[in-house]
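Please read the structure below before turning to the comments.
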Amino acid sequence: MIALFDVTVHRRVGEVPLFDGLNLEVDDGEWVSIVGEQGSGKSVLSSCLSGRAMPGRGRLLLGGRNTDRLDRDGWAKLRRRIGACEQPPMLLEERSVTENLLVPDLARQRTDGAPARVDALISEFDLDSVRERPVRQLSDGRRRLLASLRATVGTPSLVVLDGVFDAEQPWSERLATRLSTCVASGSAVVTLGRREPPSFDGRLLELSGGTLDRVSSR
């Protein structure tokens, strides 16, 4: 489970807060899609939810843990349970597609069967032709796909994807299906972007004016 309670975030000191009293709860095995216009704060919220940034005020719980009480070792263990794709995607640029996809299992010391799982993932998403290519040589679309897939490897407790469905891609439906599989396995999934994922059947929220509101049509 992840939760934000009465969270405040400033873009810059002295400016009006981007969020002021923001609240969000996502249960294990739940998929929440957060939509909003450019500049609404989606990427800032993504960084908070993935543990890469801390709110200025309020409480942040990730994996049921109060992040205010975590030491360095606690943070390291928690981040190994989180898969995230931010904007721009953070990848190992000089490493191959295969090596990037192996990273989560290696970090969690789940090496048994890892190469076979990665091989299956590469084939499923038609990445065979670039599997040994350095990431820096990939197109923007493939970089975003790779970062999204890496975030789901090993069925982490939490998956956070920022902007991956903003542009329609040949792999969008397949990625949405993979996220549904993560949800069915107990992962909490949060996707953020200008539009909801294809075939989405979760909780849809709109981020606007520093608040989150449920979209009534869902």
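A few points about this structure:
- Residue check for residue 55: touching a Cys at 6+ places or on another chain (Cβ under 8 Å) and on the phi < 0 side of the Ramachandran plot: yes
- If you filter the stretch 168-185 down to residues that are touching a residue at least 60 places away in the same chain (Cβ under 8 Å) and not hydroxyl-bearing (Ser, Thr, Tyr), you find that the one that is surrounded by the most Cβ atoms within 10 Å (Cβ to Cβ) is 179.
- Residue within the stretch 86-99 that is in contact with a Phe, Trp or Tyr (Cβ under 8 Å, 6 or more places away or on another chain) and not small (Gly, Ala, Ser) present: no
- Any hit, the stretch 123-131, residues being under 30 Å from residue 44 (Cβ atoms) and part of a helix (DSSP H, G or I): no
- Out of 205, 175, 149, sole residue that is closer than 24 Å to residue 2 by Cα, at pLDDT 95 or above and in contact with a strand residue (DSSP E or B) (Cβ under 6 Å, 6 or more places away or on another chain): 205
- Check on residue 148, more than 30 Å from residue 10 (Cβ to Cβ) and not charged (D, E, K, R): no
- Considering the conditions (1) modelled with pLDDT under 95; (2) within 17 Å of the chain's Cα centre (by Cα); (3) closer than 22 Å to residue 185 by Cβ, residue 31 is excluded by exactly one of them, (1).
- In the stretch 96-106, the qualifying residues are those that are closer than 21 Å to residue 50 by Cβ and more than 17 Å from the chain's Cα centre (by Cα), and the one that is surrounded by the most Cβ atoms within 10 Å (Cβ to Cβ) is 102.
- Index of the failed condition, residue 109 passing every other in (1) surrounded by 19 or more Cβ atoms within 10 Å (Cβ to Cβ); (2) under 23 Å from residue 185 (Cα atoms): (1)
- Residue match in the stretch 109-119 (condition: within 18 Å of the chain's Cα centre (by Cα) and hydroxyl-bearing (Ser, Thr, Tyr)): no
- For the stretch 152-167, the count of residues that are in a helix (DSSP H, G or I), buried (at least 16 other Cβ atoms within 10 Å of the Cβ) and not charged (D, E, K, R) is nonzero.
- Answer from 12, 57 - the residue that is at pLDDT below 95, charged (D, E, K, R), touching a strand residue (DSSP E or B) at 6+ places or on another chain (Cβ under 7 Å) and surrounded by fewer than 19 Cβ atoms within 10 Å (Cβ to Cβ): 57
- Against the conditions (1) under 22 Å from residue 211 (Cα atoms); (2) free of Cβ contacts under 8 Å to residues at least 60 places away in the same chain; (3) surrounded by fewer than 14 Cβ atoms within 10 Å (Cβ to Cβ); (4) not acidic (Asp, Glu), residue 88 satisfies every one except (1).
The values are calculated or read from the model by the stated rules, or taken from the named source; none is laboratory data. None of these values were measured; they are calculated from a predicted model. Ideal geometry is used to build each Cβ from the backbone, glycine not excepted, and the neighbour counts take in all protein chains shown.
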